Amino acid sequence: MEIILFFTECELLSGCQNVQIHKDYIFDYLHKWFTMKPIPEAAGTYPFIGNALQFKSNAGDFFRQIEDLTRDFKDAPLFKIWIGPVPLVILFHAENTILTNTVHMEKAYLYQFLHPWLGTGLLTSTGSKWRQRRKMLTPTFHFSILTDFLEVMNEQADILVKKLEKKAGKGEFDCFSHITLCALDIICETAMGKKVYAQSQSDSQYVKSVYKMSDIVSRRQRSPWFWVDFVYNYFGEGREHDKTLKILHSFTHNVIKERAEIVSNADEDRDRDSEQSPKKRQAFLDMLLKTTYEDGTRMSHQDIQEEVDTFMFRGHDTTAASMNWAVHLLGSHPEAHGKVQQELQEVFGASDRPTTMEDLKKLKYLECVIKEALRLFPSVPFFARSIGEDCNINGFTVPKGANAIIVTYALHRDPRYFPEPNDFRPERFLPENSVGRPPYAYVPFSAGLRNCIGQRFALMEEKVVLASILRNFNIEACQEREDLRPVGELILRPEKGIRIKLEKRKTQT
């Protein structure tokens, strides 16, 4: 341990960069320390190591520590903690938003631990590269393209329903993995044009590696003594990290290579016979392979892999978690459950036809349920920005280079904007009840210029899958809210899954 602390201290003093210790870094650290001194802080803060030693290593316990801190400081406009030499300003009030300020658009230091996996794609890139990528990728989420994805969502939701039929009437079970694997099948086919059959082959290496890498990265973010690559590789999970990374990158690399050949051949066939060639379903990857920069050059395979890996990471786990929370909440609240099924009856009647885009527009109450589930259990429980210049937040100076953490889990529980905030009330999101609510009181998809580019895709998928489940089954939750114990890693998950009972619905007429 002494060896680890020695190397860690050297790295931390250098501003967490692999360079020699220099007086400028010490000066910068001391400048932040004294400038931020007036900001309320968590107890047990020590120079250079900050609060790191008091943080729990278990993800669930760590998340509850953050919960407790936001309650302890509920009357303060902000507070601070230090992870090693990195200061984190914790924000959870709608008035304190930094999301609209373009100066504070850079992602915080902790995102760098995603770089080996995601490179510098849309989630992790900064500056001109981010602006260029955002401009290029926005058209890939056009309404007409999302309509093409609807077919995949319906197909995979139908597979999920058939799996759940085997559980109906047979007592309680954990539905978390069932819904998560459905979301993974959807994202693989829409993002990469690749069927991975996760719902029938849940033991595949790729499926396991996606979850494993998320856990590995989250643990490293909480452990500043492992921020140094040398220490991490020899004393931490470095080898396991690299092994898992190899599986993930090998899979997406091969898919990109295969898909590039398919797209190239399809273009040739279309050129030969444009009228008779049937329209083929396009994946996100297909569009990336055809996307060009402003100078006319195409994206490299490395550029494409960054975005595909990012979409795979952010596009399935977040949606899967949100759907699971919604299932629990509906199973715990019969009145809301009944209202959703009544709405589905009005839209679909006794038909078992697939969901259409027109149907989705009519599912107003189901959308309120999804939004309320995201309020109570935001898929991303906190996200971070780097402060781009000295700024003043409610009378406190926050220096350039500090990191701001927006705790959405606490932000969404502000009783000023959500009375009795722990209650599940989908009606909060009816248009007449949303009037006057500050736009930054509810940010499940972040907000501002760096908001989630795929939020329409996510809401569409959730509506399709949840509608399919509720058209076929009645849900009964088998856990109390306090038994769920949210785990705030990269994604907010229930520590012990989502246990429910299903009853097959009688045909409605």
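The values are calculated or read from the model by the stated rules, or taken from the named source; none is laboratory data. Note that the structure is a prediction, hence the values are computed from the model and not measured. FYI the Cβ positions are ideal-geometry reconstructions off the backbone, even for glycines, and counts take in every protein chain you see.
Looking only at residues that are surrounded by 16 or more Cβ atoms within 10 Å (Cβ to Cβ), modelled with pLDDT under 85 and not charged (D, E, K, R) in region 9-47, which one is farthest from Gly84 (Cα to Cα)? Only one residue tops the list, namely Tyr25. Anything in region 56-76 that is within 15 Å of Pro381 (Cβ to Cβ) and among the hydrophobic types (A, V, I, L, M, F, W, C)? List them, or say none. Ala59, Phe62, Phe63, Ile66, Leu69, listed by residue number.
Is it the case that Ser446 is buried (at least 21 other Cβ atoms within 10 Å of the Cβ) and either among the small types (Gly, Ala, Ser) or more than 27 Å from Arg64 (Cβ to Cβ) (or both)? Taking the combined requirement at face value, the residue does not satisfy it. The single condition among (1) at pLDDT 95 or above; (2) farther than 21 Å from Lys162 by Cβ; (3) buried (at least 21 other Cβ atoms within 10 Å of the Cβ); (4) not basic (Lys, Arg) that Gln479 does not satisfy is (3).
Is it the case that region 124-144 has a residue that's closer than 30 Å to Lys463 by Cβ and more than 22 Å from the chain's Cα centre (by Cα)? Checking region 124-144: at least one residue is closer than 30 Å to Lys463 by Cβ and more than 22 Å from the chain's Cα centre (by Cα).
Scanning region 406-437 for residues that are of a type in the set (Phe, Trp, Tyr) and either within 14 Å of Phe92 (Cα to Cα) or touching a Gly at 6+ places or on another chain (Cβ under 6 Å) (or both) returns Tyr409, Tyr417, Phe418. For region 195-217, the criterion of a residue being out of contact with any helix residue (DSSP H, G or I) (no Cβ under 9 Å at 6 or more places or on another chain) and on the phi < 0 side of the Ramachandran plot is satisfied by at least one position. When Phe143 is evaluated against the numbered criteria (1) under 21 Å from His316 (Cα atoms); (2) surrounded by 16 or more Cβ atoms within 10 Å (Cβ to Cβ), which criterion, by number, is the only one it fails? Tallying (1) under 21 Å from His316 (Cα atoms); (2) surrounded by 16 or more Cβ atoms within 10 Å (Cβ to Cβ), Phe143 fails exactly one: (2). Residues in region 482-500 that are within 28 Å of Glu151 (Cβ to Cβ) and either in contact with a Phe, Trp or Tyr (Cβ under 8 Å, 6 or more places away or on another chain) or surrounded by fewer than 16 Cβ atoms within 10 Å (Cβ to Cβ) (or both): Ile498, Ile500. In this structure, is Ile81 under 30 Å from Gly436 (Cβ atoms), at pLDDT 90 or above, surrounded by 14 or more Cβ atoms within 10 Å (Cβ to Cβ) and not charged (D, E, K, R)? Here the answer is no, as Ile81 does not meet what is asked.
Taking the stated definitions as given, is Thr120 over 17 Å from Gln221 (Cβ atoms), modelled with pLDDT of 90 or more and of a type in the set (Ser, Thr, Tyr)? Here the answer is yes, as Thr120 does meet what is asked.
Filter region 166-198 down to the residues that are touching a Cys at 6+ places or on another chain (Cβ under 8 Å) and either free of Cβ contacts under 8 Å to residues at least 12 places away in the same chain or among the aliphatic types (A, V, I, L, M) (or both), then identify the one that is farthest from His253 (Cα to Cα). Selected residue: Ala198. Residues that are under 16 Å from Ala321 (Cβ atoms) and either touching a strand residue (DSSP E or B) at 6+ places or on another chain (Cβ under 6 Å) or outside any loop (DSSP other than H, G, I, E, B) (or both) within region 453-462 comprise Gln455, Phe457, Ala458, Leu459, Glu461, Glu462, listed in sequence order. List pairs: first residue in region 443-472 and closer than 14 Å to Leu122 by Cα, second residue at pLDDT 95 or above and small (Gly, Ala, Ser) anywhere in the structure, Cβ distance under 6 angstrom, at least six positions apart or on different chains. Correct list of pairs: empty, since none qualify.
Take region 438-452 and flag every residue that is among the aliphatic types (A, V, I, L, M), outside any loop (DSSP other than H, G, I, E, B) and either in contact with a Leu (Cβ under 6 Å, 6 or more places away or on another chain) or over 13 Å from Phe92 (Cα atoms) (or both).
Passing the criteria: only Leu449.
Residues that are surrounded by 14 or more Cβ atoms within 10 Å (Cβ to Cβ), farther than 16 Å from Phe176 by Cβ, touching a helix residue (DSSP H, G or I) at 6+ places or on another chain (Cβ under 7 Å) and modelled with pLDDT of 95 or more: does region 501-509 have at least one? No, region 501-509 has no match at all. Assess whether Leu118 counts as being touching a residue at least 60 places away in the same chain (Cβ under 8 Å), under 30 Å from Glu389 (Cβ atoms) and buried (at least 21 other Cβ atoms within 10 Å of the Cβ). Considered against the rule, which asks whether it is touching a residue at least 60 places away in the same chain (Cβ under 8 Å), under 30 Å from Glu389 (Cβ atoms) and buried (at least 21 other Cβ atoms within 10 Å of the Cβ), Leu118 comes out as yes.
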